[in-house]
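Participant: Quick one: the structure is below, and I'll ask about it shortly.
The values are calculated or read from the model by the stated rules, or taken from the named source; none is laboratory data. All figures in this text were calculated on a predicted structure; none of them were measured in a lab. Reconstructed Cβ throughout: ideal geometry from the backbone, glycine too, with neighbour counts over all protein chains shown. To get the accessible areas, we keep the full protein, side chains included, count just its heavy atoms, and leave off ligands, DNA and RNA. Shrake-Rupley method; radii C 1.70, N 1.55, O 1.52, S 1.80 Å.
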Amino acid sequence: MPPAPRFIHLRVHSAYSLLEGAIIAKKLPAMCVAGGMPAVALTDSNSMFGALEFSEIASDAGVQPIIACQFDLAYEAASQPGEKPPAPRPIVLLAQNEAGWKNLLKLNSALYLECGNAAPHITLAHLNAHAEGLICLTGGALGPIGQLLQDNHAAKARLLTEHFKSLFPGRLYIELQRHPTADSRRAEAEALTEPGLVELAYGLDIPLVATNDVYFPKREMYEAHDALICIADGAYVDQQTPRRRLTPEHYFKSQDEMCALFNDLPEALEN
């Protein structure tokens, strides 16, 4: 028997994450086989367009397909009349069973049919109605809980975490990510929020899970992918004003690389 995996990827964006992901969905299973990973989740941004193709090819390759989606969640109303609410932030929902699959479809429809002129997103009301059969990953530093911690709203972060825990009993995971930059072990937002996320996990008895937010197959593809992000945002690679950037670490890392990155939190890898 092959050795048990030490890590599998639960946060992967394919080319169906339009102008965001650079992994060909039909090539993802082969990447898993090469890396000794018996399962993988496809978590395209507000999209399940690749689910059928991915699941069929993965099954044929002997890789368990985990059907999932990264949803932008509107998690908080405006604090004052006339103010804009905080921008929606991503969470990941994975289908645990047939009920979860059906709820993924309902939530995916809500993204595009119930948002009016706003960018695709779901609301807490949608989540309340369609949580059955779904496993929730909290989105890491850039998810709604991570954003509240970045904004110094620890009490609100705890309340939202408790709400998620009630919606997903035994099916909620506090998500941690570490994408090292040139001069740091992790990106600024990740370093800022990780202590608070770990504290919430231990304080509320919620398991941790380690993910890598995968957008491209290899580290060497970073510059090409950065150009893709610029095309999506109408920005320039060399512009001096702030723009959306990832890091060279947002690639399909091996089990060894992830184990080295989270060697101080083995339970996050095991989960």
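Participant: Would you pick out the residues in segment 216-269 that are charged (D, E, K, R), touching a residue at least 12 places away in the same chain (Cβ under 8 Å) and either closer than 19 Å to Ala141 by Cα or touching a strand residue (DSSP E or B) at 6+ places or on another chain (Cβ under 9 Å) (or both)?
Facilitator: Scanning segment 216-269 gives Lys218, Arg219, Arg243, Arg244, Arg245, Glu249, Lys253, Glu267.
Participant: What are the residues in segment 29-64 that are farther than 16 Å from Phe252 by Cβ and either open to solvent by less than 50 Å² (accessible area, probe 1.4 Å) or within 19 Å of the chain's Cα centre (by Cα) (or both), if any?
Facilitator: Those that are farther than 16 Å from Phe252 by Cβ and either open to solvent by less than 50 Å² (accessible area, probe 1.4 Å) or within 19 Å of the chain's Cα centre (by Cα) (or both): Ser45, Asn46, Ser47, Met48, Phe49, Ala51, Ser55, Gln64.
Participant: Turning to a different aspect of this structure: Return only the number of the condition from (1) touching a helix residue (DSSP H, G or I) at 6+ places or on another chain (Cβ under 7 Å); (2) within 25 Å of Pro169 (Cβ to Cβ) that Leu104 does not satisfy.
Facilitator: Going through (1) touching a helix residue (DSSP H, G or I) at 6+ places or on another chain (Cβ under 7 Å); (2) within 25 Å of Pro169 (Cβ to Cβ) one by one, Leu104 breaks only (1).
Participant: Here's something else I'd like to know. Would you point out the residue of segment 200-220, among those that are farther than 17 Å from Phe262 by Cβ and in a helix (DSSP H, G or I), that is least open to solvent (accessible area, probe 1.4 Å)?
Facilitator: Selected residue: Leu200.
Participant: Could you grab the pairs with beta carbons closer than 7 Å, sequence gap of 6+ or different chains, first residue in segment 63-91 and small (Gly, Ala, Ser), second one part of a loop (DSSP other than H, G, I, E, B)?
Facilitator: Matching pairs, first to second residue: Ala68/Thr43; Ala74/Pro85; Ala74/Pro88; Ala74/His121; Ala77/Pro85; Ala78/Lys84; Ala78/Pro85.
Participant: Is it true that Ala191 is assigned to a helix (DSSP H, G or I), closer than 20 Å to Ala141 by Cβ, touching a strand residue (DSSP E or B) at 6+ places or on another chain (Cβ under 6 Å) and of a type in the set (A, V, I, L, M, F, W, C)? Explain how you work it out, then say what you get.
Facilitator: On the way: assigned to a helix (DSSP H, G or I): yes; closer than 20 Å to Ala141 by Cβ: yes; touching a strand residue (DSSP E or B) at 6+ places or on another chain (Cβ under 6 Å): no; of a type in the set (A, V, I, L, M, F, W, C): yes.
No, not satisfied.
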